[in-house]
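The values are calculated or read from the model by the stated rules, or taken from the named source; none is laboratory data. Bear in mind the structure is a predicted one, so any value in this text is a computation, not a measurement. Neighbour counts run over all protein chains shown; Cβ positions are idealised from the backbone, glycine included.
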């Protein structure tokens with residue numbers, strides 16, 4: 001694992017003494033200024049010019065397979081006017097005081113960094129030009145740059161960045177907000193496909209991931225967790241375990257989920273993980289899980305049915321008078337929809353390596369959100385955040401799982417218990433399935449009223465979800481502006497709550513991955529009642545092109561219409577046809593419409609082809625990776641719907657142990673083709689990690705309905 | 001006990017308990033972390049290696065059963081002509097996303113092309129369905145296998161953004 005070469009100003013000075021000249025940037029940028037309470041991002045030190053005129057660019061965000069390790073450096077390299085071949089990409093450490101927000105979540109890297117990373121590159125370029133202007137005694141305005149060199153066209157002189165770097169580093173960095181940026185027509189890197197920077201290492205099996213971390217004297221910890229979430233340790237009998245040669249320690253720790261002072265996890269530390277794992281069968285732990293044994297999937301289903309039979313406990317959004325409008329409607333459509341808890345099932349199991357020495361904690365963490373991981377580890381371990389150093393590893397799948405940091409908190413405690421010894425904590429697959437932060441289940445009871453023209457005049461949804469202290473738990477909320485609420489005259493969105501002991505969290509396209517199925521599935525029923533297909537109902541309901549208020553961001557009806565029209569054109573959509581389904585969803589600032597073609601043969605549903613049209617604004621930064629993200633998202637959505645994915649709980653305990661209990665998509669279930677197109681619009685570019693996922697699920701359900709005539713209102717779909 | 005085996009052409013002797021899986025001997029005793037732990041139950045294929053030329057799940061292969069045998073892992077796959085072509089195809093088509101499963105995918109794909117040099121689309125799907133890719137890079141895995149086998153591309157990728165070129 002390469003130690004990040006790009007740290008802070010002091011490191012730069014050290015680096016410059018050691019060899020390559022260095023270009024520093026000290027600049028502050030306030031990001032998301034329109035968002036109240038947004039943290040200011042302080043940026044510097046992303047660029048180092050090497051003696052051979054290669055340029056090392058720091059990639060600050062965690063790489064989980066979304067391609068950000070290439071994408072962010074592309075933005076810097078573009079404005080620095082480099083040839084891509086000059087670029088060496090290095091993962092930075094986690095330090096938000098230096099690099100700004102470093103989160104792989106919410107498809108946020110593009111919208112958050114599109115301008116700041118370009119400004120970083122442009123500022124560096126301006127400093128190089130200033131240095132060249134001084135050296136040549138010419139006006140900086142007469143200079144240009146190309147492929148890592150400053151040019152003076154009048155004289156034909158040129159200087160490489162490497163030869164200017166030392167002088168440039170003494171220049172005062174320009175104001176990032178005022179530095180000139182390229183016109184997009186001049187882009188030579190942005191918009192060109194760039195392959196993954198780590199691919200050469202991946203195909204050789206070189207160590208990259210957290211699980212691959214190696215250090216002298218490394219010891220290994222396997223985990224024993226209270227089977228039911230929220231249970232705690234009463235007593236540990238570890239005599240038999242400690243008698244095993246190679247076992248070093250047994251340590252009770254807190255994953256962060258139970259109150260501090262209690263333990264819900266016991267670590268067996270040994271000189272081999274396999275040995276520690278095997279020793280678990282000899283560990284006897286008495287747990288107190290009396291408070292959580294009553295929670296079960298069957299119980300949730302029963303309670304949800306009971307809550308749906310009554311009026312919602314609380315109102316989420318009201319407009320007009322939905323009851324009156326329903327009473328006067330020409331047609332009324334009613335349906336119940338539901339979806340289950342889901343696990344993330346990253347292929348690399350949760351792990352983290354930590355070393356506690358001289359009161360400081362050093363971590364090698366596959367974290368999607370190391371800033372939060374630092375805070376959580378500090379809280380649980382009782383260590384000051386500034387006494388921690390966090391190195392970022394490549395991550396074997398994120399999907400939101402590693403936005404929450406039980407693995408870091410546990411590793412920190414293990415390291416503290418064994419000062420001076422690096423400890424790697426690793427979950428096995430069952431630990432990983434049973435101690436996830438799950439996508440919460442939910443239930444919806446809909447009524448919609450149509451007028452004589454087929455327009456939606458009333459919409460009611462009673463949403464049953466999970467809450468604690470009267471507030472939805474993590475990822476269990478619904479936006480008050482869930483479409484089509486804001487454009488229907490009479491709306492009543494209400495919510496009822498129940499409790500769970502399960503920890504919940506964000507799964508790729510959180511809330512949207514469920515709401516798209518629920519709302520677009522129901523709207524397909526409404527469209528049918530109106531004598532329309534879903535794209536046409538959407539067009540009529542969206543109405544004129546305009547921006548309407550959304551939850552956190554506005555929703556643009558014209559952009560929605562744009563992708564609906566595009567996918568219908570590409571797929572040759574001709575209205576309701578047997579074997580085809582449509583879905584649209586707006587999430588994470590991306591507008592996506594998708595068409596799914598299915599056939600049913602020998603009692604099995606087969607997806608033949610998927611068409612995707614997306615609008616993520618004016619620029620697709622890395623086209624090849626963009627297509628990969630979209631295709632992977634679509635396949636993941638199909639997997640959620642088609643394979644029986646469902647986390648089941650009995651007596652407080654999640655029953656899934658391995659991939660036999662929670663199937664992931666395999667090659668034989670994947671369509672032959674997923675066609676991807678982007679509709680370019682004059683809006684700032686946005687992210688692609690998530691928004692292509694949600695609409696594929698209703699498109700699939702609606703396609704199956706077109707063949708069977710039976711509505712599919714529950715995930716996972718019963719495959720006929 | 002002391003167990004001798006050949007790994008990527010090199011004779012190795014390991015001291016390990018006989019029931020220790022080959023996966024963990026590779027990762028812990030031989031310091032070769034390229035072979036990945038995914039499920040420990042032979043369900044995901046991340047730990048696929050070749051044992052005497054056959055693809056096996058190293059998490060389900062006890063080291064005692066590998067004694068005296070020839071093991072090839074991802075670290076050594078490019079020494080094999082087919083493995084080299086497969087790895088090169090993986091790079092050329094930018095197959096990996098997170099990359100965690102890809103060692104196992106490359107090992108399985110190489111084993112496929114060794115015994116079936118010109119597989120049909122169904123052959124590829126059937127053979128490769130023991131390997132999970134959580135990022136779902138399956139379309140490119142299919143394409144990379146065809147590329148390595150010298151088969152024509154299955155799909156002319158319509159609808160891709162303009163200006164696309166490999167770099």
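Scanning the range A:187-204 for residues being touching a residue at least 12 places away in the same chain (Cβ under 8 Å) and facing chain B (nearest Cβ under 7 Å) gives a total of 7. Just wondering, is there one or more residues in the range A:229-243 that are touching a residue at least 60 places away in the same chain (Cβ under 8 Å), surrounded by fewer than 16 Cβ atoms within 10 Å (Cβ to Cβ) and on the phi < 0 side of the Ramachandran plot? There is no residue in the range A:229-243 that is touching a residue at least 60 places away in the same chain (Cβ under 8 Å), surrounded by fewer than 16 Cβ atoms within 10 Å (Cβ to Cβ) and on the phi < 0 side of the Ramachandran plot.
Candidates in the range A:311-329 are the residues that are over 17 Å from residue A:442 (Cβ atoms) and assigned to a loop (DSSP other than H, G, I, E, B); of these, the one that is nearest to the chain's Cα centre (by Cα) is A:311. Of the residues A:326, A:308, only one is away from every other protein chain (no Cβ under 14 Å), out of contact with any helix residue (DSSP H, G or I) (no Cβ under 6 Å at 6 or more places or on another chain), within 25 Å of residue A:716 (Cα to Cα) and touching a residue at least 24 places away in the same chain (Cβ under 8 Å); which? Exactly one of A:326, A:308 is away from every other protein chain (no Cβ under 14 Å), out of contact with any helix residue (DSSP H, G or I) (no Cβ under 6 Å at 6 or more places or on another chain), within 25 Å of residue A:716 (Cα to Cα) and touching a residue at least 24 places away in the same chain (Cβ under 8 Å), namely A:308. For residue A:628, which of the numbered conditions (1) buried (at least 24 other Cβ atoms within 10 Å of the Cβ); (2) out of contact with any helix residue (DSSP H, G or I) (no Cβ under 6 Å at 6 or more places or on another chain); (3) closer than 25 Å to residue A:518 by Cβ fails to hold? Evaluating residue A:628 over (1) buried (at least 24 other Cβ atoms within 10 Å of the Cβ); (2) out of contact with any helix residue (DSSP H, G or I) (no Cβ under 6 Å at 6 or more places or on another chain); (3) closer than 25 Å to residue A:518 by Cβ leaves (3) as the failure.
Scoring residue A:221 on the criteria (1) within 23 Å of residue A:393 (Cβ to Cβ); (2) at pLDDT below 95 leaves a single failure, condition (2). Taken over the range B:62-80, the criterion of being part of a loop (DSSP other than H, G, I, E, B), out of contact with any strand residue (DSSP E or B) (no Cβ under 6 Å at 6 or more places or on another chain) and within 11 Å of chain A (Cβ to nearest Cβ) is satisfied by no residue.
Can we say residue B:126 is without any contact (Cβ under 8 Å) to a residue 40 or more places away in the chain, facing chain A (nearest Cβ under 7 Å) and at positive phi? No, not satisfied.
Screening the range A:174-186 for residues that are under 19 Å from residue A:73 (Cα atoms) and crowded, with 18+ Cβ neighbours inside 10 Å and picking the one that is nearest to the other protein chains (Cβ to nearest Cβ) gives A:179. Screening residue B:16 with (1) without any contact (Cβ under 8 Å) to a residue 60 or more places away in the chain; (2) in contact with a strand residue (DSSP E or B) (Cβ under 7 Å, 6 or more places away or on another chain); (3) more than 11 Å from every other protein chain (Cβ to nearest Cβ) gives one miss only, at (3). Looking at (1) out of contact with any strand residue (DSSP E or B) (no Cβ under 7 Å at 6 or more places or on another chain); (2) in a loop (DSSP other than H, G, I, E, B); (3) closer than 18 Å to residue A:516 by Cα, which one does residue A:659 not meet, given that it meets all the others? That leaves (3) as the condition not met.
Within the range A:614-642, being more than 11 Å from every other protein chain (Cβ to nearest Cβ) and closer than 24 Å to residue A:713 by Cα holds for A:640, A:641, A:642. Does the range B:50-61 contain at least one residue that is at pLDDT 95 or above, within 9 Å of another protein chain (Cβ to nearest Cβ) and not in a loop (DSSP other than H, G, I, E, B)? No, the range B:50-61 contains no residue that is at pLDDT 95 or above, within 9 Å of another protein chain (Cβ to nearest Cβ) and not in a loop (DSSP other than H, G, I, E, B). Please verify whether residue B:71 is under 30 Å from residue B:1 (Cα atoms) and modelled with pLDDT of 95 or more, treating the condition exactly as stated. Answer is yes for this residue. Would you confirm whether or not the range A:341-348 contains a residue that is exposed (fewer than 15 other Cβ atoms within 10 Å of the Cβ) and outside any strand (DSSP E or B)? Checked against the condition, which is being exposed (fewer than 15 other Cβ atoms within 10 Å of the Cβ) and outside any strand (DSSP E or B), the range A:341-348 yields no hits at all.
When A:560, A:527, A:593, A:604 are screened for being touching a residue at least 60 places away in the same chain (Cβ under 8 Å) and crowded, with 16+ Cβ neighbours inside 10 Å, only A:593 passes. I'd like to check something: does the range A:665-673 contain any residue that is within 30 Å of residue A:504 (Cα to Cα), more than 9 Å from every other protein chain (Cβ to nearest Cβ) and not in a loop (DSSP other than H, G, I, E, B)? Within the range A:665-673, not a single residue is within 30 Å of residue A:504 (Cα to Cα), more than 9 Å from every other protein chain (Cβ to nearest Cβ) and not in a loop (DSSP other than H, G, I, E, B).
The helices (runs of 4 or more DSSP H) found entirely in the range A:59-147 that carry 1 or more residues being at pLDDT below 95 and surrounded by fewer than 24 Cβ atoms within 10 Å (Cβ to Cβ) are A:96-99, A:109-136. State the number of residues belonging to the range B:28-49 that are under 12 Å from the mean Cα position of the chain (by Cα) and either assigned by TED's automatic domain parsing to the domain that holds residue B:87 or in a loop (DSSP other than H, G, I, E, B) (or both). Residues in the range B:28-49 being under 12 Å from the mean Cα position of the chain (by Cα) and either assigned by TED's automatic domain parsing to the domain that holds residue B:87 or in a loop (DSSP other than H, G, I, E, B) (or both): 7 in total. Residues in the range A:259-275: is at least one more than 27 Å from the chain's Cα centre (by Cα), within 14 Å of chain B (Cβ to nearest Cβ), farther than 25 Å from residue A:396 by Cα and buried (at least 19 other Cβ atoms within 10 Å of the Cβ)? No, because not a single residue in the range A:259-275 is more than 27 Å from the chain's Cα centre (by Cα), within 14 Å of chain B (Cβ to nearest Cβ), farther than 25 Å from residue A:396 by Cα and buried (at least 19 other Cβ atoms within 10 Å of the Cβ). The criterion of at least 3 residues that are within 34 Å of the chain's Cα centre (by Cα) and not assigned by TED's automatic domain parsing to the domain that holds residue A:410 is met by none of the strands (runs of 3 or more DSSP E) falling completely within the range A:156-237. Of the residues A:576, A:508, A:539, the single one that is surrounded by 16 or more Cβ atoms within 10 Å (Cβ to Cβ), part of a loop (DSSP other than H, G, I, E, B) and more than 25 Å from the chain's Cα centre (by Cα) is A:576. For the range A:662-686, a tally of residues being within 22 Å of the chain's Cα centre (by Cα) and within 17 Å of residue A:570 (Cα to Cα) returns 4.
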